[in-house]
Amino acid sequence: MESSYNPNSFEQKIYHKWEEEGDFKTSSASEKTFLITMPPPNVTGVLHMGHALFVSIQDTYTRWKRMLGYNTLWLPGTDHAGIATQVMVERQLEAEGTSRTKIGRDAFLKKVWEWKEEYGGTITEQIRALGSSCDWSRELFTLDPKSSKAVRESFTRLYKDGLIYRGERIVNWSSGLQTAISDLEVELKPTEGKLYYLKYYLEDKSDYLQVATTRPETIFADVAVAVHPQDPKWKKFHNKEVFVPLANRKVPVILDEYVDKEFGTGALKITPGHDQNDWLIGKKHHLKTLSCIGKDGKLNELAGEFAGMVAWHSRKKIAESLREKEILIKEEKHQHELGYCQRTGVVVEPLISMQWFLKMESLAKPAVEAASGENPAIRFYPDYWKKTWFEWLNNIQDWCISRQLWWGHQIPAWHCKKCEAITVPEPGQSDNPTKCGSCSSDEIAQDTDVLDTWYSSALWPISTLGWPDNSSDLKIYYPVQKYNEPRNTDEAKALMETGSDILFFWVARMVMMCTHFMGGKIPFEDVFLHAMVRDEKGQKMSKTKGNVVDPLDVTEQHGADSLRLTLLALSGQGRNVNLDLKRLEGYKAFINKIWNATKFCLIQINESEKLEVNASDYIDSWLLDGLKNLSHQMNSDLKNYRPDAAFNAYYQFTWYEFCDWYLELFKIKKGSTKTLQFALDTLIRLLHPMAPMVTEEIYQSLPWTKDEKIIHKEYPIESKIPVQNSEHTEVYAIKGCVEGIRNFRTENKVNPKIKISAYLQTENLKLWNSISPYVLELAKIESIHINTQAPKGAVGRVNFGQFTFTIPLEGLVDKDAEKQRLTSEIKKIEKDLAFSTGRLNNEKFVSKAKPELVEQEKKIVTDLSLKLSSLISALESLGE
């Protein structure tokens with residue numbers, strides 16, 4: 001082993017060996033199976049901290065289950081990322097002086113595939129660099145033939161079942177991309193806009209409704225004004241008609257409880273062509289739909305003199321016109337969120353568009369039921385996400401599944417030029433139709449739209465296993481749990497681990513689609529949602545803020561295992577991961593401590609010794625019980641999806657119990673090395689799922705492993721470590737005495753390297769004789785006087801259980817300087833204590849402050865009181 005932990009010297013070598021020798025592939029030796037399907041990163045992507053977090057968590061669970069003897073499959077893959085990839089290649093074409101429309105669809109798609117082959121493997125190579133043990137031989141791309149077959153089959157089945165239809169609905173429209181986009185591709189930005197108060201006159205101009213709107217540019221498409229039926233101020237307008245400003249059209253005043261009486265004036269203009277909620281109200285009241293904004297983002301002929309202006313930019317001009325015509329009553333500043341296209345930065349317009357949709361209501365019901373009841377088929381970690389799940393699915397709208405792109409799964413539907421009928425192949429039919437299914441005309445053309453990227457992602461758990469074929473992988477790895485049956489085991493056959501931000505866009509859609517096609521069987525029983533990775537201050541990482549941390553830079557400097565441990569340690573359920581690089585340096589130091597501890601152990605252990613458990617004394621017995629408890633704790637924490645707690649337990653035991661205590665005690669006792677050997681082997685195996693590469697490097701250096709790989713070794717479990725049947729009185733006494741004397745040294749500013757004399761009072765000489773070699777050495781006591789009167793003068797006392805140590809201070813401290821320091825510190829503590837006590841005695845503070853603030857103040861008083869007592873005792877011990 002090298003002198004210190006140097007990850008750059010072995011990480012790449014170890015990973016290549018694992019992959020080349022097939023160590024990540026599945027094993028048919030066990031009937032117990034475990035499946036994780038990797039959330040496919042964009043093929044255009046480069047590694048960021050979000051990827052690093054999911055890799056760290058998923059690989060931990062994959063390796064843990066593999067070591068527990070499961071036939072484990074972690075399925076990797078990449079997503080074709082329709083919009084992102086098309087935009088990237090279009091930019092490349094633009095730099096070459098051409099465009100996709102100039103070269104045509106076929107030539108463009110050829111260009112994209114060439115780009116994918118050249119650059120598409122970057123992200124998977126970067127994921128490898130983190131130590132990911134996924135089965136790369138099964139890697140899938142969402143446009144591979146296997147995935148394309150599943151997409152086509154699902155579409156044809158859903159269409160034949162009447163769940164897919166083509167029609168006009170309101171969508172998020174990006175004029176920059178010239179396509180509909182999903183909510184996830186809309187970036188909401190806080191914007192200071194205005195609330196415009198307008199007059200909607202009655203026909204005889206005798207009165208008007210005051211209507212408040214943030215979008216005066218859409219008034220040309222207004223079809224009604226809605227008021228709350230219980231709002232008295234607008235009662236006289238019920239069942240009347242009013243004129244739309246500038247458009248000079250009459251529209252009805254309708255009654256709807258959706259209207260918020262307190263917002264604006266309590267009168268809401270209804271524009272179904274440009275607002276999702278208005279569109280729903282329009283359907284409810286059978287209103288017509290108008291559009292005054294075109295797909296180019298500009299106002300159309302309905303806007304009269306304003307036609308041709310970019311809708312977003314026209315607002316100021318329209319407001320001026322309304323003011324001139326004395327229709328604008330007033331303007332108020334108004335904070336709201338405005339949606340921008342993530343890829344182009346243009347304002348997203350809600351527009352009516354002819355698109356393909358998937359009916360979701362019937363698909364959502366099994367997904368709701370799967371998470372319902374006392375013992376649901378699907379469990380969420382953290383559990384509170386279940387509430388969000390139900391809110392989304394119980395209010396679900398039909399899904400717009402079409403995109404006006406060229407890169408992606410082209411919709412398998414053919415339009416007839418003669419009769420305009422649509423022909424969709426029969427399920428199971430691989431050949432494309434050549435004639436219209438309605439009139440038999442051969443003048444048919446495939447729909448030019450492609451499917452939303454999330455559509456193929458929704459099939460990921462089954463397409464990766466070979467569906468629609470009845471493959472052996474589906475039989476072996478796909479769960480048998482049905483959505484409407486209670487769980488009969490706490491153990492999940494399949495785990496879905498991903499970010500909480502795509503719970504609806506991906507997780508819910510996978511459950512809906514896969515359950516539908518798999519006869520009611522859900523794709524995974526447990527859903528573990530991690531939070532977002534932010535900077536150390538909790539701020540979102542962004543290039544503009546300059547706070548982005550590149551995981552590859554981190555691994556180059558500190559090693560992949562250091563990064564993994566940092567992310568795992570900070571990944572508590574429900575908390576954002578606030579990445580502090582100082583913590584990362586600390587975990588690198590922790591790995592180095594394990595590295596050095598291993599080197600020490602190897603010097604002590606005979607190379608020919610076999611690995612076996614053999615407690616030679618009470619110190620060994622204490623350590624073995626600690627290992628047993630640690631193994632139980634880590635397995636329990638991992639089972640409950642608390643990798644952060646599992647690692648914290650490991651860190652505390654390994655650093656403080658094994659390294660700081662056991663190894664120091666071992667140096668003194670110089671006894672049997674059997675327990676030392678067993679403990680080292682166990683600790684390295686316990687850490688392997690979390691820090692795989694350094695543990696493999698260390699394991700290969702252990703003489704008793706005989707070149708075996710740790711990746712295939714058994715994970716330590718509680719039952720394999722024998723019970724010691726001991727209360728470990730001796731070890732606790734050693735620790736208590738030594739820590740007490742060390743604290744005494746610290747409090748009295750005694751140099752920790754100076755050896756001291758002490759007088760011991762005890763009635764338990766048997767226990768003292770057993771522990772004395774360790775206490776004297778570790779507490780640096782050069783002479784001990786047992787049950788002898790201590791000399792008079794300045795002394796200190798340390799009490800622990802049945803032991804009282806009296807320590808003469810003569811020559812150890814400068815009494816006058818120490819008295820001055822203690823007196824000064826006592827005065828400061830007394831001042832702070834008086835302030836905090838005064839706050840608690842103030843009834844006004846106690847009654848008005850937050851309960852947690854009051855509790856915090858009480859804790860301060862308790863801590864200060866204890867510290868004051870300790871300082872006074874220390875001052876008294878110095879004498880006159």
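Here are the numbers:
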{"item": "Per residue accessible area of the range 596-715, 1.4 Å probe, in Å²", "result": "36 Å²"}
{"item": "Cα shape, the range 1-55, gyration tensor, a/c 1.5 rule", "result": "oblate"}
{"item": "Dipole magnitude of the chain about its Cα centre (Cβ charges: Lys, Arg +1; Asp, Glu -1), debye to nearest 20", "result": "1400 debye"}
{"item": "Loop GluC sites (Glu not before Pro), the range 1-39, which have at most 15 other Cβ atoms in a 10 Å radius of their Cβ (DSSP)", "result": "GLU2, GLU21, GLU31"}
{"item": "ARG100 - accessible surface, heavy atoms, 1.4 Å probe, Å² rounded to 10", "result": "40 Å²"}
{"item": "Listed residues TYR715, TYR587 arranged by accessible area, highest first, probe 1.4 Å", "result": "TYR587, TYR715"}
{"item": "The range 690-792: GluC sites (Glu not before Pro) in DSSP coil with no more than 12 other Cβ atoms inside 10 Å", "result": "GLU708, GLU714, GLU727, GLU763"}
{"item": "Rounded to 5, percent antiparallel among DSSP beta bridges of the chain", "result": "70 percent"}
{"item": "Label point at GLN178 placed 7 Å out along Cα→Cβ; residues across the range 398-413 whose backbone nitrogen lies under 12 Å", "result": "404-406"}
{"item": "No Cys partner within the rule (Cβ under 4.7 Å), the chain", "result": "CYS134, CYS292, CYS341, CYS400, CYS514, CYS601, CYS659, CYS737"}
{"item": "Residues of the range 40-67 with amide N under 15 Å of the 7 Å Cα→Cβ point at LYS706", "result": "none"}
{"item": "Computed lengthening from ASP660 to LYS545, 0.36 nm per intervening residue step minus Cα-Cα distance", "result": "37.3 nm"}
{"item": "Selected from PHE220, GLY273, VAL242, residue furthest toward positive end of dipole (the range 154-288; charges at beta carbon)", "result": "VAL242"}
{"item": "Top positive-direction residue, dipole computed over the chain with Cβ charges, set GLY801, HIS80, SER472", "result": "GLY801"}
{"item": "Stretchable slack from GLN789 to LYS102, in nm (0.36 nm times residue separation minus alpha-carbon distance)", "result": "237.1 nm"}
{"item": "Dipole moment magnitude, nearest 20 debye, the range 669-742 about Cα centre, only Lys, Arg, Asp, Glu C-beta charged", "result": "220 debye"}
{"item": "Residues listed by number, the range 751-782, amide nitrogen under 20 Å from ILE603 label point at 7 Å toward C-beta", "result": "777-778"}
{"item": "Within straight-line cross-link reach of LYS233, aspartates and glutamates at Cα separation under 20 Å, skipping those fewer than 8 residues along the same chain", "result": "GLU203, ASP204, ASP207, GLU241, ASP256, GLU257, ASP260, GLU262"}
{"item": "Per-residue [θ]222 nm for the chain (sum of -39500 (n - 2.57) over DSSP H runs n ≥ 4, rounded to 500)", "result": "-12500 deg cm²/dmol"}
{"item": "Reachable lysines from LYS149, criterion Cα separation under 26 angstrom, eight or more residues apart if same chain", "result": "LYS25, LYS110, LYS111, LYS116, LYS160, LYS359, LYS435, LYS475, LYS482, LYS493, LYS521"}
{"item": "Dipole in debye (nearest 20) - the range 573-715, about Cα centre, beta carbon charges: Lys, Arg +1; Asp, Glu -1", "result": "240 debye"}
{"item": "Ranking by accessible area, most exposed first, for SER621, SER206 with a 1.4 Å probe", "result": "SER206, SER621"}
{"item": "Out-of-range pairs (alpha-carbon distance over 19 Å; input LYS599/LYS706; LYS13/LYS65; LYS593/LYS713; LYS819/LYS867; LYS537/LYS639; LYS205/LYS261)", "result": "LYS13/LYS65; LYS593/LYS713; LYS537/LYS639; LYS205/LYS261"}
{"item": "Those aspartates and glutamates that a straight Cα-Cα span of less than 16 Å connects to LYS844, excepting residues fewer than 8 apart in one chain", "result": "GLU852, GLU855, GLU857"}
{"item": "Efficiency of FRET from Cβ geometry, ASP204 and GLU718, R₀ 60 Å, rounded to 0.05", "result": "0.10"}
{"item": "Accessible-area composition of the range 137-195, carbon plus sulfur, in percent [1.4 Å probe]", "result": "45 percent"}
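The values are calculated or read from the model by the stated rules, or taken from the named source; none is laboratory data. The structure presented is a predicted model; accordingly, all values stated were derived computationally and were not measured. Here the Cβ is made from the backbone with ideal geometry for all residues, glycine too, and neighbour counts use every protein chain on show. Surface areas here come from the heavy atoms of the whole protein model, side chains and all, with no ligands, DNA or RNA. Shrake-Rupley method; radii C 1.70, N 1.55, O 1.52, S 1.80 Å.
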